[in-house]
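FYI, it's all coordinate maths here, none of it is from the lab. Fair warning: this is a prediction, and the values are worked out from it, not measured in the lab. Glycine also receives a Cβ, built like all others from the backbone with ideal geometry; neighbour counts cover every protein chain displayed.
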Amino acid sequence: MFSILQAAGWPIWPLVACSVLAMALIIERFISLQTLKVAPPRLLDEVLTVTRLSVPGPDVVSKLEKNSALGEVLAAGLRALNTNPLCNQDELRAGMEASGRLVAHRLERYLSALATIASVAPLMGLFGTVVGMIEIFGSQPGGTGGNPGQLAHGISVALYNTAFGLIVAIPSLIFWRYFRARVDEYLLTLELAAERLARHLYTLRK
């Protein structure tokens, strides 16, 4: 592996750094976007069951907020009702929407960095290709046969950087699209759950 990096020349090192960063971001997003951490399947039903008789107190709401991202959004609605029992449905929605924007920001964290790596890696590979071509032309001064060793090194720099740029960019793009779709699905789930809880609490108070 080290011999390949040597053959690829110094332009490969920014690509190596990008590959390490992309791998770290992918692992972090896989851990953070687990279903149980974002939107546990039965949490909404449990909240609706608990709130049929009365609104939970601050201690229960705090535990709900720490449960997951969905719990944080639902807790915002319950907290608004605890703060002002006379608040209307629009105020409940506004509280949950504000919390939802914060949650959405957290869910989308690092996705722009992963997309940037997917876009920049091929350009870095192209830069390495240009450096390799410069070395190739530099090995043939005055139209003579030139230095075969320098010629071979220039070719290896060009090809390795092109290939490595694609190796970094393709998985980064695939995982960015995957995480982007997953976040959009979670956000829809949170929006529908918040709307359902707002209607439920409004119905109970009528």
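Would you please put 168-177, 11-20 in order of how densely packed they are, using the mean number of other Cβ atoms within 10 angstrom per residue and starting with the highest?
Output ranking for 168-177, 11-20: 168-177, 11-20.
Mind checking the full-extension length gain between Lys63 and Glu28? Use 0.36 nm per residue of separation minus the Cα-Cα distance, one decimal, nm.
Net length gain for the segment: 10.2 nm.
Output the relative contact order of the range 2-205, whole-number percent, from Cα pairs under 8 angstrom with separation of 6+ residues. Write down the numbers at each step before the final one.
Numbers: 225 pairs, mean separation 62.2, N = 204.
Averaging sequence separation for qualifying contacts and normalising by length gives 30 percent for the range 2-205.
Give me D for the range 2-205 in µm² s⁻¹, whole number, from Stokes-Einstein with Rh from the Kirkwood sum over alpha-carbon pairs, 10 °C and 1.306 mPa s. Can you show the working numbers first?
Working: Rh = 20.4 Å.
It comes out at roughly 78 µm²/s.
So for Tyr160, Tyr110, fewest C-beta neighbours within 10 Å to most, what's the order?
Starting with the residue having the fewest Cβ neighbours, the order is Tyr110, Tyr160.
Apply the Karplus curve 6.51 cos²θ - 1.76 cosθ + 1.60, θ = phi - 60°, to the phi angles in the range 47-63 and return the couplings in whole Hz, x for Gly and Pro.
5, 5, 5, 5, 8, 5, 9, 7, 7, x, x, x, 5, 5, 5, 5, 5
Enumerate the residues in the range 45-63 having an amide nitrogen under 13 Å from the point lying 7 Å beyond the Cα of Asn82 toward its Cβ.
Counting only backbone N, you get 55-63.
Along Cα→Cβ, 7 Å out, is where each label goes; now give me the distance between the ones at Asp90 and Arg106 in nm to one decimal.
Distance between label points: 2.9 nm.
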